[in-house]
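Student: Let me give you the structure first, and then I'll get to my questions.
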Amino acid sequence: MIASTIKSRYWAALEASHQAGAWEALDAAYGNLARAYHSWRHISDLLQAFEKLTVLSARPELIMTAIFWHDVVYRTRDAGQNRRADFLNVRDSAEMFLRYARMNSADAEAVQELIMATTNHLDAKPSRERYAGFSRDLDLFVDLDLSPLALPWKQFASNFEDIRFEFSWIPEDVFNSGQAAFLRNLLAHADKLFRRPETEKMWRAAAVSNIRRCLNNLSMGDVASSPRLDSSGQGI
């Protein structure tokens, strides 16, 4: 789904809650050709998945806002040309959202917390119940961000190959080591990979199957057919 379609189909309803120039900032980020995975395609995938689950949310407009902004800042290297901590990208994404937000402070802080939850998908917890149903919305948003794990294998592998492109400057052995550690951690916590019963039913089995298949490929040395992850353990 191209940016213009995303804008007309999803952004139009959110535009009034943002300052002028917000869309241009998003488009400059997600349209950057250096991005292969963290691009408009990823945002489109999450928005389309959420479209089918809006009935589960208390404040769907806030979840949609978090989807748009959660990866707006995505730099793989810091000033010293070392791998940039994923936490810094998420933090900067949340701060960029706040600069463009034109909504009451309570709603803006809720979106900020949703975005920050993606720094730790497995263990993120709400600081407090910011509105009725906030904790369930946070769970749903985190589940949405992990939903690509449950895509058909070909798409799953393609997504991680795209991440490998974003981190092509990292040596192959370091990259593969990070991949294996990330996948083993997910598999060890498969019982809480998805938080909402509805998303667990939809996505858990497929995600676990993909994870096991990738680990099996790695153990056999079949790197070429394995999707690759970044060395921080942040695969998506």
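The values are calculated or read from the model by the stated rules, or taken from the named source; none is laboratory data. Worth saying up front: this structure is predicted, and the values here are computed from it rather than measured. Cβ placement follows ideal geometry from the backbone for every residue including glycine, while neighbour counts extend to all protein chains displayed. Heavy atoms of the whole protein, side chains included, go into the accessibility calculation; ligands, DNA and RNA do not. Shrake-Rupley method; radii C 1.70, N 1.55, O 1.52, S 1.80 Å.
Student: Looking at the stretch 101-152, which of its residues are under 18 Å from the mean Cα position of the chain (by Cα) and among the aromatic types (Phe, Trp, Tyr)?
Tutor: Scanning the stretch 101-152 gives a single hit, Phe141.
Student: Follow-up. Of all residues being polar (S, T, N, Q) and open to solvent by 50 Å² or more (accessible area, probe 1.4 Å) in the stretch 170-209, which is nearest to Thr119 (Cα to Cα)? Just the residue, please.
Tutor: Asn185
Student: Something else: Taking the conditions exactly as written (of a type in the set (A, V, I, L, M) and free of Cβ contacts under 8 Å to residues at least 40 places away in the same chain), does Ala106 satisfy them or not?
Tutor: Numbers: of a type in the set (A, V, I, L, M): yes; free of Cβ contacts under 8 Å to residues at least 40 places away in the same chain: yes.
Criteria met by Ala106.
Student: Just wondering, is there one or more residues in the stretch 221-235 that are of a type outside the set (D, E, K, R), over 25 Å from Ala34 (Cβ atoms), assigned to a helix (DSSP H, G or I) and at pLDDT below 90? Before you say what the answer is, go through the steps one by one.
Tutor: Start the filter on the stretch 221-235 by keeping residues that are of a type outside the set (D, E, K, R), which leaves 221, 223-227, 229, 231-235.
Checking which are over 25 Å from Ala34 (Cβ atoms) leaves us with 221, 225.
Right, trim to assigned to a helix (DSSP H, G or I) and you get 225.
Right, trim to at pLDDT below 90 and you get 225.
Yes, the stretch 221-235 contains at least one residue that is of a type outside the set (D, E, K, R), over 25 Å from Ala34 (Cβ atoms), assigned to a helix (DSSP H, G or I) and at pLDDT below 90.
Student: Here are Asp162, Asp123: which of them is free of Cβ contacts under 8 Å to residues at least 40 places away in the same chain and either surrounded by fewer than 21 Cβ atoms within 10 Å (Cβ to Cβ) or touching a strand residue (DSSP E or B) at 6+ places or on another chain (Cβ under 9 Å) (or both)?
Tutor: Asp123
Student: Go through the stretch 10-23 and give me each residue that's in a helix (DSSP H, G or I) and in contact with a Ser or Thr (Cβ under 9 Å, 6 or more places away or on another chain).
Tutor: Applying the first criterion (in a helix (DSSP H, G or I)) to the stretch 10-23 yields 11-13, 15-17, 22-23.
Across the stretch 10-23, the qualifying residue is only Ser17.
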